[in-house]
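All of the numbers you see were taken from the coordinates with simple rules; none came from a lab. Because the structure is a prediction, the values reported are computed rather than measured. Here the Cβ is made from the backbone with ideal geometry for all residues, glycine too, and neighbour counts use every protein chain on show.
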Amino acid sequence: MIKIAIIGGSGFYDVENPSEHEELDIETPWGSTSDSILKITREEVEIYFLSRHGRGHLIGPSEINYRANIYALKFLGVDWIISVSAVGSMKEEISPGMIVIPDQFIDFTKTRKGTFFDEGIVAHVSMVKPVSEKLSKVLYDSCLELDIEAQLGGTYLCIEGPQFSSLAESSFYRTMGVDVIGMTNMPEAKLAREAEICYSTIALSTDYDCWHEDYESVTVEEVVNTMKKNITNARLLVDNALKNIPEEKDDYIRNALKSSIISSIHSISDESKEKLSAIIRRYLLS
């Protein structure tokens, strides 16, 4: 059975038919997840929904327990993650309401724990291709099928937040050629790669950050109003994509840890092995 997770961002806090789901509370070696994980079964697909900020949006971008969230999904056997995120547009042609499915990230966060491998074991995974090409194509094809305006590919710049950018920062980011700016996909994408889970993002453009002369500042009210419109498309897109999830993961993700763990397996403490068991178990047995 295919197991896929949906991580909902701003405005996407719950499943549409809550009576049909099972609610899971999972405690991980890194603590609790952002919220209960909602499990839904549809034909041959198990869907796990997790609200990134918690229902009610009570957790800021830098306070999200990214490691607990990804570890819990790995523990549940999830192979695919669709991340839904609100972003600001850094290019004129990406108008508010448009969807971008990025294929690259730049991490400008400063305070977040970005790896599972920081206590008694070292691994260096490749982030050359930070998303699943297979899953991204499914999402983009679904946009085309539903006649939703979308862009396949582009760079997502992740900043610390929770403040929006200053004009100087926004102008600087634009010189880097990035497409969208957000606050949550890092280290989420990095941790998914360490867990060998295929990850892809539906980036919902809500505004022009503050660089656009016709939109001099970003307000929460504007973001929320556009986000409400975006969420309808996001739900349609996710529902359509769930029918076409590939059976096999991308090769470069399936065995991402195979040549990345640099520590001697025999030297890793039992405590570290236990803490990372859901992620490294198959390498300990080989």
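Side notes on the structure shown:
- Rounded to the nearest 500, the helix-only mean residue ellipticity at 222 nm of the chain stands at -8500 deg cm²/dmol, with each DSSP H run of n ≥ 4 adding -39,500 (n - 2.57).
- Summing Cβ point charges (Lys, Arg +1; Asp, Glu -1) relative to the Cα centre of segment 22-146 gives a dipole of roughly 380 debye.
- Net charge contributed by nearby residues that have their C-beta within less than 12 Å of Glu169 (K/R +1, D/E -1): -1
- Spatial separation of Cα centroids for segment 52-111 and segment 134-196, in angstrom: 8 Å
- Degrees, to the nearest 10: 133-146 long Cα axis against longest axis of the chain: 40 degrees
- Label point of Glu63 set 7 angstrom out along Cα-Cβ; within segment 157-179, amide nitrogens under 20 Å from it belong to 159-165.
- The 3J(HN,Hα) values that the Karplus relation (6.51, -1.76, 1.60; θ = phi - 60°) gives for segment 173-178 are, in residue order, 4, 5, 5, 7, x, 6 Hz. Gly and Pro appear as x.
- Summarising the label geometry, the points placed 7 Å from Cα in the beta-carbon direction at Leu284 and Ala168 lie 5.0 nm from one another.
- Listed values [x] 35, 22, 16; [y] 30, 22, 18; [z] 43, 20, 18 include one computed from this model; for semi-axes √(5λ) of the Cα gyration tensor in Å that value carries the label [y].
- Efficiency of FRET from Cβ geometry, Ser269 and Met176, R₀ 41 Å, rounded to 0.05: 0.50
- Considering only alpha-carbon pairs that sit under 8 angstrom and 6 or more positions apart, the relative contact order computed for the chain is 24 percent.
- Taking a ≥ b ≥ c as the square roots of the eigenvalues of the Cα gyration tensor, segment 35-166 is rounded, since a/c falls below 1.5.
- Rounded to 10°, Cα long-axis angle of helix 220-241 versus longest principal axis of the chain: 50 degrees
- Seen against the Cα atoms of the chain and their longest principal axis, helix 66-75 is set at about 50 degrees.
- For segment 254-259, the Karplus equation 6.51 cos²θ - 1.76 cosθ + 1.60, evaluated at θ = phi - 60°, returns couplings of 3, 10, 4, 8, 3, 10 Hz by residue, with Gly and Pro reported as x.
- For segment 2-285, a simple Cβ point-charge model (Lys and Arg +1, Asp and Glu -1, everything else neutral) yields a dipole of about 900 debye relative to the Cα centre.
- Signed unit charges on C-beta, dipole axis of segment 58-192, positive-most listed residue Ile101, Pro162, Leu139: Pro162
- For segment 219-265, the list of trypsin sites (Lys or Arg not before Pro) that fall in a loop by DSSP and count at most 13 other C-beta atoms within 10 angstrom reads Lys258.
- For Met183, the shell of other residues with beta-carbons less than 14 Å away shows a net charge of -4, using +1 for Lys and Arg and -1 for Asp and Glu.
- Check: segment 73-140 dipole with +1 on Lys, Arg Cβ and -1 on Asp, Glu Cβ, in debye: 100 debye
- Under-5 Å amide H pairs with Val87, H placed in peptide plane, nonlocal only: Leu204, Ser205, Thr206
- Residues Asp35, Asp250, Asp147, Asp118 in ascending order of nearby Cβ atoms (within 10 Å, fewest first): Asp147, Asp118, Asp250, Asp35.
- The residues neighbouring Ile101, those whose beta-carbon lies less than 11 Å from its own, together hold a net charge of -3 under the Lys/Arg +1, Asp/Glu -1 convention.
- For Ile6, the residues whose modelled amide H falls within less than 5 Å of its own, excluding neighbours fewer than 5 places apart on the same chain, are Tyr48, Phe49, Leu50, Ile82.
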